[in-house]
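The values are calculated or read from the model by the stated rules, or taken from the named source; none is laboratory data. These figures come from a predicted structure and were not determined experimentally. For neighbour counting, all protein chains shown are included, and Cβ atoms are generated from backbone atoms with ideal geometry for every residue, glycine included.
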Amino acid sequence: MLFQDADLIAVDKPVGWLTHPDQATERPDVFTFLGGGLGVHHRLDVDTSGVLIFSRSPAGARALAAAFEGGGADKRYLAVVDAPLPRAAGTLTGEVPAARGKPAETRYRVIRRGVAGTLVEASPITGRTHQIRAHLAAAGAPIRGDLRYGDPLDVRAPRLMLHCERIALPGGRVFEAPAPAAFAAARGDTTGLRAGLRADPDNTCFRERNGAGDASPGVYVDRYGDWLWVQHDAGAPEAPLPPARGVYRIDALRDRSQGRQAPPAHVSGERAPQPLAVRENGVEYRVVLAEHLSTGLFLDQRPQRGWLRARADGARVLNTFAHAGGFTVAAAVGGAARTVSIDLDRDWLARIPGQLAANGVDPDPQRHDTIHGDVFDWLRRLSKRPDRFDFVILDPPSTSVGARGKRWSAAQDYTALVAAALPLVAPGGRLLTVTNHRGVTPARFYDLVSAGLPPGAVLERVGTMPVDFPEVGPPPTKSWIWRLGPGLNPG
């Protein structure tokens, strides 16, 4: 709540909330939350945050109508765009798709240019729907995270990077909402990105430094509770580390294809318990900071695990390339009726039951089964059974060698993987496709996956990198959720 009196009420609208009910979704809306009976004079898109003002009386309605419809309101938005604008300041004009035939004008100035995008202040002089988004996109600088006017596959932000920072009304009344932490990197403050995570006891593991996205090329620092797990690429400069009880470090080789990469070494402070209990979105996971090139939990999948957990109640979940079962644990905590986890590494699979038990979930193998073996082989075998799954997760390594010595490559073989998994998706079910292959662009990944899907399959969700993974350029990890409508499943 920013302000309220007998005439006006102003709030800082969060991302994901509608201004008012749309009768089409179950998303929360500010109008209803405030009790209804308010006058709506301007709106913010569901994925835009910031100052939103309603009237509470006839006098307030007249004041807001005069301000917004008469052009007397000074509205200032912050936006982060990927491409540089042609000038440091200027005016964008031209009709916008949502208001054909009507004039539209947006003034802008560039605040800062950096590796995390260009920070722009935009002031809409007219009030057309999607005006700022459409004008910036038409200027060749779409807002990061804009699935409508930007690239819907190459999403470089965890949200639409548009925020209403300030509205000044005639007569001197000013309402301001500070920019959320997601805008910190564009301001040059990448440490501010993690402020919410550091203060959240339900999230004790996250990325502290993400290479070039944090102005530290070649240095990646993950926090697991009080310990740090550092990957330092060959040739990268040394960088100071955040405080920690202990540090584990991998000196990463340029070429790891020959298997010569040494596991992490304990380099300073106390040694961590093995395994070490950490929390993500309130779920407990057990990670290992020594011995392996992985801790057992891939932190960039935090948004997708949270998404799955929220929808898993009563669901049947098949987790292929399950590793230590991050998706399995999230689904089970969310109330999944059954999970099946497949992986070629028996030791990683053996960690799943203990993690389930740590979260109060009965690890009964009749409900939460683990299968050791080659994923392709087991997909063929399972497809001959009557079992079908509401969620099928495909999160393979970029490259690997199967049980029979056959080399797998996401860049070449992902279509075959989708086709093999498809018969196991229940009608109306979802397929989560993931790759972290840096050589596979979002457009190429779309082609690889869609080539294995039946006509009519819908790309329902383009997963984003979490806020603690700022990137320069396309996201290295692509996480997409497809829905198969009834009748689309050939199995």
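So that you can scan it fast, the table gives a plain yes or no per residue for (1) surrounded by 13 or more Cβ atoms within 10 Å (Cβ to Cβ); (2) assigned to a strand (DSSP E or B); (3) not assigned by TED's automatic domain parsing to the domain that holds Phe469:
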position: Asp200; (1), (2), (3): yes, no, yes
position: Pro217; (1), (2), (3): yes, no, yes
position: Trp229; (1), (2), (3): yes, yes, yes
position: Pro237; (1), (2), (3): no, no, yes
position: Tyr248; (1), (2), (3): yes, yes, yes
position: Arg254; (1), (2), (3): no, no, yes
position: Ala262; (1), (2), (3): no, no, yes
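Per-residue answers, yes or no, for (1) in a helix (DSSP H, G or I); (2) at pLDDT below 95; (3) under 32 Å from the mean Cα position of the chain (by Cα):
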position	(1), (2), (3)
Phe54	no, no, yes
Ala63	yes, yes, no
Arg76	no, no, yes
Arg87	no, yes, yes
Thr106	no, no, yes
Thr118	no, yes, yes
Ala122	no, no, yes
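What single numbered condition from (1) assigned by TED's automatic domain parsing to the domain that holds Ala357; (2) under 25 Å from the mean Cα position of the chain (by Cα) fails to hold for Ala337?
Only one criterion in (1) assigned by TED's automatic domain parsing to the domain that holds Ala357; (2) under 25 Å from the mean Cα position of the chain (by Cα) is unmet by Ala337, namely (2).
For Asp189, which of the numbered conditions (1) modelled with pLDDT of 90 or more; (2) surrounded by 13 or more Cβ atoms within 10 Å (Cβ to Cβ) fails to hold?
For Asp189, the failing item is (1).
If you scan region 313-333, which residues turn out to be surrounded by fewer than 24 Cβ atoms within 10 Å (Cβ to Cβ), touching a strand residue (DSSP E or B) at 6+ places or on another chain (Cβ under 9 Å), assigned to a loop (DSSP other than H, G, I, E, B) and of a type outside the set (Phe, Trp, Tyr)?
Gly314, Ala315, His323
Looking at (1) surrounded by 21 or more Cβ atoms within 10 Å (Cβ to Cβ); (2) part of a loop (DSSP other than H, G, I, E, B); (3) hydrophobic (A, V, I, L, M, F, W, C), which one does Val46 not meet, given that it meets all the others?
Against the list (1) surrounded by 21 or more Cβ atoms within 10 Å (Cβ to Cβ); (2) part of a loop (DSSP other than H, G, I, E, B); (3) hydrophobic (A, V, I, L, M, F, W, C), Val46 comes up short only on (1).
Where in region 341-416 are there strands (runs of 3 or more DSSP E), lying wholly inside it, with at least 1 residues that are within 23 Å of Glu284 (Cβ to Cβ)?
Counting at least 1 such residues, we get 368-372, 389-394.
How many residues does region 239-290 hold that are modelled with pLDDT under 90 and among the small types (Gly, Ala, Ser)?
Selection size over region 239-290: 6.
Could you tell me whether Thr91 is of a type in the set (S, T, N, Q) and either outside any strand (DSSP E or B) or touching a residue at least 40 places away in the same chain (Cβ under 8 Å) (or both)?
Considered against the rule, which asks whether it is of a type in the set (S, T, N, Q) and either outside any strand (DSSP E or B) or touching a residue at least 40 places away in the same chain (Cβ under 8 Å) (or both), Thr91 comes out as no.
So is Ala277 assigned to a strand (DSSP E or B) and either in contact (Cβ under 8 Å) with a residue 40 or more places away in the chain or in contact with a Cys (Cβ under 6 Å, 6 or more places away or on another chain) (or both) or not?
Considered against the rule, which asks whether it is assigned to a strand (DSSP E or B) and either in contact (Cβ under 8 Å) with a residue 40 or more places away in the chain or in contact with a Cys (Cβ under 6 Å, 6 or more places away or on another chain) (or both), Ala277 comes out as yes.
Here's a check for you: in region 280-301, which residue that is out of contact with any Pro (no Cβ under 7 Å at 6 or more places or on another chain) and assigned to a strand (DSSP E or B) is nearest to Glu208 (Cα to Cα)?
The selected residue is Glu280.
Restricting attention to region 91-104, report how many residues are under 18 Å from Leu162 (Cβ atoms) and modelled with pLDDT of 90 or more.
4
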